[in-house]
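Here's a structure for you.
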């Protein structure tokens with residue numbers, strides 16, 4: 001498993017290992033589990049992946065979505081599908097977060113793992129969580 005690497009908040013993170021990131025240099029803070037909208041992200045620091053990678057280090061699974069690639073109805077449906085998968089696991093160690101720099105509408109990450117989708121498959125989302133949640137350097141952290 002890749003080694004974790006904390007950096008001081010505000011310091012550069014360097015290039016990510018993938019888009020979205022699955023590990024690498026990150027801050028020591030983290031996000032609460034939940035579904036984040038673009039409006040939530042706009043009020044956050046410039047590099048939220050610095051904290052989100054810390055969530056991955058603690059065994060979280062993150063659903064990254066890019067509605068810029070979709071029409072309004074498709075975006076709404078995608079978010080509903082992601083939320084239903086998150087609800088199936090009572091939201092434990094699960095985050096959905098917008099990321100407009102991706103070349104696909106949705107990707108799922110855990111520590112060192114990435115699965116991308118042109119069209120989201122809920123069954124594969126469930127399987128990803130079952131196989132990857134808590135498989136990280138610090139899985140017993142909150």
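What follows draws every value from the coordinates through simple rules; no lab data is involved. Since we're looking at a predicted model, the values are computed, not measured. Every residue, glycine among them, receives a Cβ derived from its backbone with ideal geometry; neighbour counts consider all protein chains shown.
Using only Cα atoms and rounding to the nearest 10 degrees, what angle (0 to 90) does helix 122-132 make with the longest principal axis of the chain?
Here the helix axis deviates by roughly 20 degrees.
Give me Rg/Rg_expected for segment 19-91, where Rg uses Cα atoms only and Rg_expected = 2.2 N^0.38 Å with N residues.
In units of the globular-protein estimate, segment 19-91 measures up at 1.15.
For the chain, take the convex hull of the Cα atoms, compute a quarter of its surface area, and give me that in nm², please. Walk me through the numbers before you get to the answer.
Numbers: hull surface 30.7 nm².
Over every viewing direction, the Cα hull of the chain projects on average to 7.7 nm².
Beta carbons within 10 angstrom, averaged per residue: use that to sort the peptides 121-129, 99-107, 70-78, 22-30, highest first.
22-30, 99-107, 121-129, 70-78
Could you work out the relative contact order of segment 17-132, using alpha carbon pairs under 8 angstrom and six or more residues apart, expressed as a whole percent?
Computed over segment 17-132, the figure is 34 percent.
For segment 52-102, what mean projected area does the convex hull of the alpha carbons give, in nm²? Can you show the working numbers first?
Numbers: hull surface 14.2 nm².
Over all viewing directions, segment 52-102 projects a mean Cα-hull area of 3.6 nm².
Suppose R0 equals 22 Å. What FRET efficiency, 1/(1 + (r/R0)^6) with r the Cβ-Cβ distance, do residue 43 and residue 5 give to the nearest 0.05? Before the final figure, lay out the partial values.
Values: r = 27 Å, r/R0 = 1.22.
In this case the efficiency is close to 0.25.
Taking every DSSP beta bridge that has both residues in segment 27-142, what percent is antiparallel when rounded to the nearest 5?
Percentage antiparallel, nearest 5: 55.
For n ≥ 4 DSSP H runs only, could you compute -39500 (n - 2.57) per run for the chain, divide by its residues and tell me the 222 nm figure to the nearest 500?
Details: 4 runs with 42 residues, N = 142.
Computed mean residue ellipticity for the chain: -9000 deg cm²/dmol.
Right, another one. Give the angle, between 0 and 90 degrees and rounded to the nearest 10, that separates the Cα long axis of helix 72-88 from the longest principal axis of the Cα atoms of the chain.
60
Put a dot 7 Å past each Cα toward the Cβ at residue 84 and residue 123; how far apart are the dots in nm?
Reported label-point gap for residue 123 and residue 84 is 1.4 nm.
Which order, highest average first, do 55-62, 34-41 follow once you tally other Cβ atoms within 10 Å for each residue and take the mean per peptide?
So the order, starting with the most tightly packed, is 55-62, 34-41.
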